[in-house]
Amino acid sequence: MKALVCNLAKKLSDYENMKRIVNHPSNYIKIGNKTINPFNELSLSHGLPALCALYGELGEQYPDEGWDLLGHQYIKKIGEQMNQHGFPSLSMFTGLAGIGLAAVCLSKGGKRYQNFISTINQAIEERIGEMIEYLKQKPYPNMDDYDAISGVAGIASYCLLFPQEMKKSITLILKYIIDLSQDKQMEDINVPGWYIPPKNAFSDTERRKWPSGFFNIGLSHGIPALLIVLCNAKKLNIYVDGQDECIQRIADFLMKFQIKDENGSYWGTHVSLEEYKNGSVLNKDTRDAWCYGTPGVAYSLLIAGKTLNNQSYIDCAVSGMKLASKRLYNIFSPSFCHGLSGVAYICNRFYEETNISDFKEAACKLVDDIIKFYNEEFPFGFKNIEESEGSTKYYDYVGLIDGTAGILLTILAIQNSKKTPWDCAFFII
């Protein structure tokens, strides 16, 4: 296993070859009417920060093998790009928080890259207030205002690595989350503030599926990320008025809108406005992934249960995760976001949090399943697999979300236990 991980990590260190592959048109994707290349040198999701996180972890696992030098080459390139193009957004997966996390993973416990990290933290501290003031003016949010990928939840997850230094930013975000969670009067009913009206939907597909609007309950783009931020802040003794009530409010919402069938209870991806009014979920559309479905939601409820000492949340999370780890509904890629790596990693964290051996067994089995996707002829050993409209497509990606870096970090963590906080990007720290 070590040989496989290390061989692939060495392949990824060939910058020019890596760029040539990820920039090939076969790796472009269609979003609506646009064709885009997801690769972005400064993004944790698809670029160099993911590779820095990988080399940082390898450097901690195998300190005498020069992985930190490979990581240093890429962190220098990130610095050059930032000097050339300026700061990107503050976000976790495409912005400063993700770049900061990459540097933290390479920092040998904070001993290296102190000025670089400090500059990033200062930029976030200076800009977060203005960002939140802008968001507060909006009558209803877009998912990327508050989510794990682009929004304040992802920024908060990074800031929580620096609970004293970045307390101001964390507190501002906590207050925003609590404000966002208050009820809003809409026609004849009150709705939680994270209701997304059709005009704020991310895509035409969402507008067609939920023409009256919806509540997003995926960990990647929905309220479970907010729940985890509130809980993780409390664990670090960062607390604002209404925090416990907000934790309970979000957790109770997730508890209420479970899907129940003969196999047990689990979660979908969204709750429509009609389902909210009826008080139960009718649509059984889901997948068993980190991004959407039971694994991400169950993890957020597990953390909420431990934070509030609420056994019903914990029991519900455990039973849901047991079901998802066996069922693996709509999982067909080895990648993290919506594939086997994400489920494997969450199983491993469930084991660490509950000491239930079933989860460790499931995590190890899933690693074996991931390895079956390995092909030495693939440029990066693994391909991201996507299915849409009846066709299957394969992509060569390097990033954390759906690339080889995320897969290798998962394998390393389950085999050896992790040594750097790369998983704060996924809220499973």
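The values are calculated or read from the model by the stated rules, or taken from the named source; none is laboratory data. On a predicted model such as this, the values are computed, not experimentally measured, just so you know. As a convention, Cβ positions derive from the backbone with ideal geometry for all residues, glycine included, and neighbour counts pool all protein chains shown. Keep in mind that these areas ignore ligands, DNA and RNA; they rest on the heavy atoms of the full protein, side chains included. Shrake-Rupley method; radii C 1.70, N 1.55, O 1.52, S 1.80 Å.
Remark: the range 102-231 carries a charge dipole of roughly 440 debye about the Cα centre, counting +1 on each Lys and Arg Cβ and -1 on each Asp and Glu Cβ.
As I understand it, the value is the acute angle between the Cα axis of helix 114-136 and the longest principal axis of the Cα atoms of the chain; what does it come to in degrees, rounded to 10? Result, in degrees: 30.
Counting protein heavy atoms only, the chain has 48 percent of its accessible area on carbon and sulfur, 1.4 angstrom probe. Surface calculation, 1.4 Å probe, protein heavy atoms: residue 136 sits at approximately 100 Å² accessible.
Each of 58, 69, 89 was placed along the dipole of the range 52-110 (beta-carbon charges, centred on the mean Cα), and the one lying farthest toward the positive end is 89.
In the chain, taking the dipole from charged Cβ atoms about the Cα centre, the farthest positive-side position among 129, 4, 411 is held by 4.
If you roll a 1.4 Å probe over the heavy atoms of the protein chains, what accessible area per residue do you get for the chain, in Å²? All intermediate terms of the calculation are to be shown ahead of the outcome.
Values: 17360 Å² over 429 residues.
That works out to 40 Å² for each residue.
Highest GNM mean-square fluctuation among 364, 347, 337, for the chain modelled with Cα contacts below 10 Å: 364. Only protein heavy atoms count here; under a 1.4 Å probe, residue 397 has an accessible surface of about 10 Å². Set the Förster distance to 25 Å, then compute FRET efficiency between residue 184 and residue 284 from the Cβ-Cβ distance, nearest 0.05. About 0.35, to the nearest 0.05. As I understand it, the value is the acute angle between the Cα axis of helix 167-180 and the longest principal axis of the Cα atoms of the chain; what does it come to in degrees, rounded to 10? It is inclined by approximately 40 degrees.
Which distance in Å, rounded to a whole number, links the C-alpha centroids of the range 356-429 and the range 127-152? So the two Cα centres are separated by 30 Å. When the residues 208, 327 are ordered by accessible surface, computed with a 1.4 Å probe over the protein chains alone, the sequence from largest down reads 208, 327. Considering the dipole of the range 97-193 built from charges on the beta carbon (Lys and Arg +1, Asp and Glu -1) around the Cα centre, which of 160, 193, 117 is farthest to its positive end? Sorting the options by dipole projection puts first 117. Legend: calculated FRET efficiency, residue 164 to residue 239, from the Cβ-Cβ distance at R0 = 22 Å, rounded to 0.05, equals 0.95.
For the residues 137, 81, 248, a GNM of the chain with alpha-carbon springs under 10 Å puts the largest fluctuation on 137.
When the surface is traced with a 1.4 Å probe over the full set of protein chains, residue 82 keeps roughly 20 Å² accessible. Each residue, residue 80 and residue 388, gets one label point 7 Å from its Cα in the Cβ direction; the gap between the two is 3.3 nm. If R0 equals 41 Å, the separation of the Cβ atoms of residue 7 and residue 33 corresponds to a calculated FRET efficiency of about 0.55. Helix 294-308 and the longest principal axis of the C-alpha atoms of the chain enclose an angle of approximately 70°.
For the chain, set up a GNM with springs between Cα atoms under 10 Å and report which of 80, 57, 165 has the largest fluctuation. Per the Cα network of the chain with a 10 Å cutoff, 80 tops the list.
Could you tell me whether the range 277-356 comes out rounded, prolate or oblate from its Cα gyration tensor? Rule is a ≥ b ≥ c as square roots of the eigenvalues, rounded for a/c under 1.5, then prolate if a/b exceeds b/c, otherwise oblate. Show your work: numbers first, answer last.
Details: a/c = 2.16, a/b = 1.10, b/c = 1.96.
Oblate, because a/c is 1.5 or more while a/b does not exceed b/c.
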